[in-house]
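S.K.: Pasting in a structure now, in structure tokens, and then I'll have a few things to ask.
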Amino acid sequence: MFALFFYHRNFMFVILTLLLCSIICQILLGVTYHRLIRETENMSVTKNKSIQQLKLKFTGCTQLRETIPNVPVFVDKYLNQISIGKIPVSFFKHLSGQLTLLAVLVAGIGACIGIIRDESFFMVAPFYLISFLGLYLYFAASSLIDLPGKINILRTNLVDYLENHLASRLDQTRLDMRMAGMEAVSPKSENSKPDLEKTPLIKEAAVNEKAQKADTEDAHVSLQNAERKKNPPAFTPSEAEELELLLREFLV
């Protein structure tokens, strides 16, 4: 019986390789979600970069909008952006199914070629058996890994942490900051009282400075007047006018 499987060894090798890759994709997805679930069980000390980015983004949005009305949608967006390396998780989901279908297609092509060559039923039967066996292994691995169940658990853990733990901490932090701000304002108001008591002294000093400036200006004006009296002009205003007329006549 096993000799019949190896009779078309090239087809069997391709079919088994495709089925193995399909199951590996399922296992890879299961391991990825399992690790994320373990990280979300203690998110306060998590070292996962994607979860840390989620926490920072949620904190930033909360500070801008005060509250996020729909946390589940926020978490769903994060779940849709999960990737393995730089390849999104959704790619591996679709790839696993496509590889299984491709394995079944190759098995069908091998069976058709065997029928065209007038091979017996026992020679073609291994293609049908490997197809049914591959489909069974694919669906068995999918049910054991249970990707939808793991996604629901991860989603529940994230929503619970963001709504019931992180949001309440942010509210408490805001309240503490407001209380600290009020306490900082009260000492300033107390310190402003002595300044009010010093204002009369400041006003008195300003008045004295203005009086001193006025005295110095008056003294300067008086000195100028005294100098003018000591040195009177050589001509009176009328004599100056007559002299100006004479000079004009002489020049003309």
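Bear in mind that the values in this text are calculations on the coordinates, not laboratory data. Please read all numbers here as calculations on a predicted model, not as lab measurements. Backbone-built Cβ (ideal geometry, glycine too); neighbour counts: all protein chains shown.
S.K.: Show me the ranking of peptides 32-44, 124-136 by mean Cβ neighbours inside 10 Å, starting with the highest.
M.R.: 124-136, 32-44
S.K.: Spin-label point model (7 Å from Cα, Cβ direction): what's the VAL31 to GLU163 distance in nm?
M.R.: The answer from the label model is 3.3 nm.
S.K.: Sticking with this one: Can you compute 3J(HN,Hα) from phi for each residue in region 80-92, using the Karplus curve 6.51 cos²θ - 1.76 cosθ + 1.60 with θ = phi - 60°, rounded to whole Hz and x for Gly and Pro?
M.R.: 6, 9, 5, 9, 10, x, 10, 9, x, 5, 4, 4, 5
S.K.: Step through the residues of region 131-148 one at a time and calculate ³J(HN,Hα) from phi using the Karplus curve (6.51 cos²θ - 1.76 cosθ + 1.60, θ = phi - 60°), rounding each to whole Hz and writing x for Gly and Pro.
M.R.: Listing the rounded values in order: 5, 5, 5, x, 5, 5, 5, 5, 6, 5, 5, 5, 6, 6, 6, 6, 4, x Hz.
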